[in-house]
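Okay, so here's the structure we're looking at.
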Amino acid sequence: MDFISILSIFVLACFVGYYVVWSVTPALHTPLMSVTNAISSVIIVGALISAAAAGHPAAKWLGLAAVALASVNIFGGFAVTERMLAMYKKKERPAPKASAEGDKA
Amino acid sequence: MSVPAETGIYIPPAAMPPAEVTHAVSPWVALAYLVAGVCFILALRGLSSPASSRRGNRFGMVGMTIALVTTLVTHQLASLPEILVAIAIGGGIGFIIARRILMTAMPQLVAAFHSLVGLAAVLVGSAAYLNPGAFGIADAMGHVLTESRVEMGLGVAIGAITFSGSVIAFLKLNGNMSGAPITLPMRHAINFLILAVILGLIAYFTAASDAPAIFATVTALSFLIGFLLIIPIGGADMPVVISMLNSYSGWAAAAMGFTLHNTAMIITGALVGSSGAILSYIMCKAMNRGFISVIAGGFGADSSGGAAAAKADRPWKRGSAEDAAFLLKEANQVIIIPGYGMAVAQAQHVLREMGDLLKEAGVTVKYAIHPVAGRMPGHMNVLLAEANVPYDEVFELEDINNEFAQTDVAFVIGANDVVNPAAKDDPGSPIYGMPVFDVGKAKTIFFIKRTMGGVGYAGVDNDVFYMDQTMMLLGDAKKMVEEINKAL
């Protein structure tokens, strides 16, 4: 790919990011940070390439170290986001409390 | 060329196999990375509401899996076992941390994760520098292509800044290091000088020489500047810092994407970069401070003396848990304003119990959250969600601020500056212009605070303490709420 194609993708993706992120509800800003954290670890692709390449041992070990670091982020980031998102619930209370709310209304 | 024309998928000519590039990317591989990038966009899109958010997170996982598998399948693997071990070790550590971490420790965790992205970017950049052939960016002599050097230099520099800055942010948030700003003399001049040297060296690296010494110096100076940039920034400005580092980690990934000509990395980097930038903007706006002033640091370091002296002689009322319980039960509407103090005291669960008891007594309970409450964007929302507070009882500043006049009790727990009327009335105050909750309009205010001695982060006294309708509840937030619950 030539530089201009890559730059076009980058610039358009910045605009997509701008509009998508403004639509994120403020209540989910913490999960937003943890999930962006997880996806920015897509840098693992570069780490895998250098870890997989034969011929240069130092580059290979740097790559393997980067693979391990990025994996912490990928697994940790998605798992902690999932854990947080599972906690966001609507007003649906277990039975006894729900009836208390019913009385009030 | 292997994609039929009628699918309408455009493949840039340079991606076609007979190009001169060492590692020509097959259209199918480029397509797979593109799909991964689209999955990441959908992951963020899902966060527009809590209902769709979990599906969004799954899209993120799918995208990551596609990117990983594509990379593993399309490269000659000289060392698959080692790679799998590295993924297993890293993934295992990450998974255990994610399961065990306390929700109150989320800001530290996110800072730590940012540092890992930064360090990984530095390592990948270094590996690409040492072995450019593997990435298809080597010239005939085995040196890094000139056009790749600038991206590589920038990527490594941003990665290094992200790493050392995040480490400092982590230490401050985790309490290993004082949250107070550490201001060095001449720091602005020093920082500018170092940044200029880094940029100059990257230019030299690109144009003239790819000597290892220059690459190493750029990396080392970038580590240093990341450290220097974050130490003068105080604890409560951390929401901005974390967002900014979030943004940097994205730009680092994007720069690496440019180096490696990888669409998934470029799309993701742009998404994460703009996400962090927007969050920084929202946080700065919520404090009515310029981004530059936050980043320059030193806030709250020098303004506490006068305020502390002025407040000693003003009368205030001390309330008890029983008083609070009585008035809360009698109220029609109670608005609870949590702040960082609630997180420190781990009071979110007892607070929710209090809310439940009040609701059973027929009181309307609402939670009001300031954008900069806590130590990261959305920090309070996560804690309340953890305590099972339904998200439709939690309101943003602008949605609830005009309700205080019809509210019987404003219940401030662990917040301070975000309810300070000086932000409205006192043009000389350091927080003047910051949007704050109009708690003064409520009939009664309960203010949970550990002692009367401490002032908020901005180091300014708070007139709310001395209002006629204010009762100070002095003590640990969690114990105080427990006592209120007993009395209810």
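The values are calculated or read from the model by the stated rules, or taken from the named source; none is laboratory data. On a predicted model such as this, the values are computed, not experimentally measured, just so you know. No Cβ is skipped: glycine too gets one built from the backbone with ideal geometry, and neighbour counts run over all protein chains shown. Surface areas here come from the heavy atoms of the whole protein model, side chains and all, with no ligands, DNA or RNA. Shrake-Rupley method; radii C 1.70, N 1.55, O 1.52, S 1.80 Å.
A quick yes/no check of all residues on (1) modelled with pLDDT under 90; (2) crowded, with 19+ Cβ neighbours inside 10 Å; (3) in contact with a strand residue (DSSP E or B) (Cβ under 8 Å, 6 or more places away or on another chain):
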site: A:T25; (1), (2), (3): no, no, no
site: A:V35; (1), (2), (3): no, yes, no
site: A:H56; (1), (2), (3): yes, no, no
site: A:V67; (1), (2), (3): no, yes, no
site: A:E82; (1), (2), (3): no, yes, no
site: A:A86; (1), (2), (3): no, no, no
site: A:E101; (1), (2), (3): yes, no, no
site: A:K104; (1), (2), (3): yes, no, no
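Every residue, every condition in (1) at pLDDT 90 or above; (2) open to solvent by less than 40 Å² (accessible area, probe 1.4 Å); (3) hydrophobic (A, V, I, L, M, F, W, C), yes or no:
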residue	(1), (2), (3)
B:R314	no, no, no
B:K317	no, no, no
B:A321	no, yes, yes
B:I337	yes, yes, yes
B:Y340	no, no, no
B:Q348	yes, yes, no
B:E353	yes, no, no
B:K359	yes, yes, no
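Residues of segment B:364-391 that are farther than 21 Å from A:R83 by Cβ and either at pLDDT below 90 or within 9 Å of chain A (Cβ to nearest Cβ) (or both): B:T364, B:P371, B:V372, B:A373.
Hey, any hits in segment B:104-122 for a residue that's facing chain A (nearest Cβ under 7 Å) and in a loop (DSSP other than H, G, I, E, B)? Within segment B:104-122 (the criterion being facing chain A (nearest Cβ under 7 Å) and in a loop (DSSP other than H, G, I, E, B)), the answer is no, since none of the residues qualifies. Taking the criterion of being within 17 Å of A:A13 (Cβ to Cβ) and either in contact with a strand residue (DSSP E or B) (Cβ under 7 Å, 6 or more places away or on another chain) or within 9 Å of chain A (Cβ to nearest Cβ) (or both), the residues of segment B:57-83 that qualify are B:G60, B:G63, B:M64, B:A67.
For segment B:409-488, list the strands (runs of 3 or more DSSP E) that sit wholly inside it and hold at least 1 residues that are surrounded by fewer than 20 Cβ atoms within 10 Å (Cβ to Cβ); which are they? Quick ask: steps written out before the conclusion?
Numbers: elements: B:409-413, B:444-449, B:470-474.
Counting at least 1 such residues, we get B:470-474.
Take A:V72 and decide whether it is within 16 Å of B:A270 (Cβ to Cβ) and modelled with pLDDT of 90 or more.
Numbers: within 16 Å of B:A270 (Cβ to Cβ): no; modelled with pLDDT of 90 or more: yes.
Considered against the rule, which asks whether it is within 16 Å of B:A270 (Cβ to Cβ) and modelled with pLDDT of 90 or more, A:V72 comes out as no.
Within segment B:66-86, residues that are within 24 Å of B:F40 (Cα to Cα) and assigned to a loop (DSSP other than H, G, I, E, B) have Cβ atoms under 6 Å from residues that are open to solvent by less than 80 Å² (accessible area, probe 1.4 Å) and among the small types (G, A, S) in these pairs: B:H75/A:A52, counting only partners at least 6 apart in sequence or on another chain. The set of residues from segment B:232-258 being open to solvent by less than 10 Å² (accessible area, probe 1.4 Å) and not small (G, A, S) comprises B:P232, B:I233, B:D237, B:M238, B:P239, B:V240, B:V241, B:I242, B:M244, B:L245, B:N246, B:M256. Would you call B:V156 crowded, with 23+ Cβ neighbours inside 10 Å and touching a residue at least 40 places away in the same chain (Cβ under 8 Å)? So B:V156 fits the description; yes.
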